[in-house]
1. Listed residues Asp203, Asp218, Asp237; which is closer than 20 Å to Val14 by Cβ, buried (at least 22 other Cβ atoms within 10 Å of the Cβ) and in contact (Cβ under 8 Å) with a residue 24 or more places away in the chain?
2. Cβ-Cβ below 7 Å, separation at least six or inter-chain, first residue in the range 160-178 and farther than 21 Å from Gly197 by Cα and open to solvent by 80 Å² or more (accessible area, probe 1.4 Å), second modelled with pLDDT of 95 or more and assigned to a helix (DSSP H, G or I): which pairs?
3. Among the residues in the range 125-133, are any more than 19 Å from the chain's Cα centre (by Cα) and either farther than 30 Å from Gly196 by Cα or of a type in the set (Val, Ile, Thr) (or both)?
4. Just to verify a result, which residue in the range 23-43, among those that are over 22 Å from Ser66 (Cβ atoms) and among the hydrophobic types (A, V, I, L, M, F, W, C), is most open to solvent (accessible area, probe 1.4 Å)?
5. Of all residues in the range 89-124, which are open to solvent by less than 10 Å² (accessible area, probe 1.4 Å) and either basic (Lys, Arg) or not in a loop (DSSP other than H, G, I, E, B) (or both)?
6. Considering only residues that are of a type in the set (S, T, N, Q) and farther than 30 Å from Val213 by Cβ, look in the range 125-156 and name the one that is surrounded by the fewest Cβ atoms within 10 Å (Cβ to Cβ).
7. Just need a number here: residues in the range 127-162 that are assigned to a helix (DSSP H, G or I) and within 21 Å of Gly248 (Cα to Cα).
8. I'm trying to understand the selection: among the residues of the range 65-78, which are of a type in the set (Gly, Ala, Ser) and either at pLDDT below 95 or surrounded by 19 or more Cβ atoms within 10 Å (Cβ to Cβ) (or both)?
Amino acid sequence: MILYSWNVNGLRAVSGKGFADWLEASRADVVGLQETKIQAGHEADFATLNGYQGVFSSCTTRKGYSGVGVFHRGGHLAVNAELPDPQFNAEGRLLHLEYPDFHFLNVYFPNGQNGPGRLEFKMGYYEAFLAHAQALRASKPVVACGDFNTAHTELDLKNAKSNEKTSGFLPEERAWLDRFIAAGYVDTFRLFEQGGGHYTWWDYRFQARSRNVGWRIDYFFVSEELRPLVKRAWIDDGVMGSDHCPVGLELDV
């Protein structure tokens, strides 16, 4: 199976920048999207696209905010949205597709830069997500992808020292990723590439992308049971249309 994850920073916007052509050329079996910004009730506008079926979870409290979607070719057993804890279920941040061999979790974690309250919400979401992933993992392995909104190590962003007090690289955020990995989840990109300079998000300002001044905050994790089945994991940093680029995973399932 070929799987992709991409924070598109607005599905309607990226649709005008060649998204349908990219989707068709990707030959993916499943594509998880974050920050779709589709207004609740308008998801049917993207119910089908180039042979893919679309499912979505949208923010119910703000128009044009957050939201996740999955384009798939079928073969799954069930679709579920959001975390079990209702305090985290208004912003359209999680889609769960159950496949015969694994649970697929497409997640858009909150950004913690808008004050202490949002950082607290982000950290709470992290904990609730880990608990949910572990509960699902009791039945079959887990694939988790999306915008985690945190760079894990100094290798995962260009300017580590100057961002030590910035949400997205705070000690407590990075410590949660340590805990997630310690719980048995594998950063698949790091199975194939140990060096720095590989990023998935670039600030629109300051020509950051052309200078490759970025952050690696978009990931594919698999639970340890799937490690032997990981054939490839990569970053498609040449794909334009968003301030993020797609990341990919190939599983031998």
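The values are calculated or read from the model by the stated rules, or taken from the named source; none is laboratory data. Fair warning: this is a prediction, and the values are worked out from it, not measured in the lab. A quick note on method: Cβ atoms are made from the backbone with ideal geometry, for glycine too, and the neighbour counts reach across all protein chains shown. For the accessible areas, the whole protein counts, side chains as well, though only heavy atoms, and no ligand, DNA or RNA atoms are used. Shrake-Rupley method; radii C 1.70, N 1.55, O 1.52, S 1.80 Å.
1. Details: Asp203 fails: buried (at least 22 other Cβ atoms within 10 Å of the Cβ); Asp237 fails: buried (at least 22 other Cβ atoms within 10 Å of the Cβ).
From the options Asp203, Asp218, Asp237, the qualifying one is Asp218.
2. Glu172/Met123
3. Within the range 125-133, the subset more than 19 Å from the chain's Cα centre (by Cα) is none.
The answer is no; no qualifying residue exists.
4. Taking the range 23-43 and keeping what is over 22 Å from Ser66 (Cβ atoms), we get 24-29.
Among the residues that remain, those that are also among the hydrophobic types (A, V, I, L, M, F, W, C) are: 25, 28.
Values: Ala25: 75, Ala28: 0 Å².
Selected residue: Ala25.
5. Correct list: Arg93, Leu94, Leu95, Leu97, His103, Phe104, Leu105, Asn106, Val107, Lys122.
6. Here is the first cut: in the range 125-156, the residues of a type in the set (S, T, N, Q) are 134, 139, 149-150, 153.
Right, trim to farther than 30 Å from Val213 by Cβ and you get 134, 139.
Values: Gln134: 14, Ser139: 9.
That would be Ser139.
7. From the range 127-162, those assigned to a helix (DSSP H, G or I) are 127-137, 154-156, 161-162; that's our starting set.
Retained after the next criterion (residues that are within 21 Å of Gly248 (Cα to Cα)): 133, 155-156.
The number of residues fulfilling the criteria is 3.
8. Of the range 65-78, the ones of a type in the set (Gly, Ala, Ser) are 66-67, 69, 74-75, 78.
Answer for the range 65-78, where residues must be of a type in the set (Gly, Ala, Ser) and either at pLDDT below 95 or surrounded by 19 or more Cβ atoms within 10 Å (Cβ to Cβ) (or both): Ser66, Gly67, Gly69.
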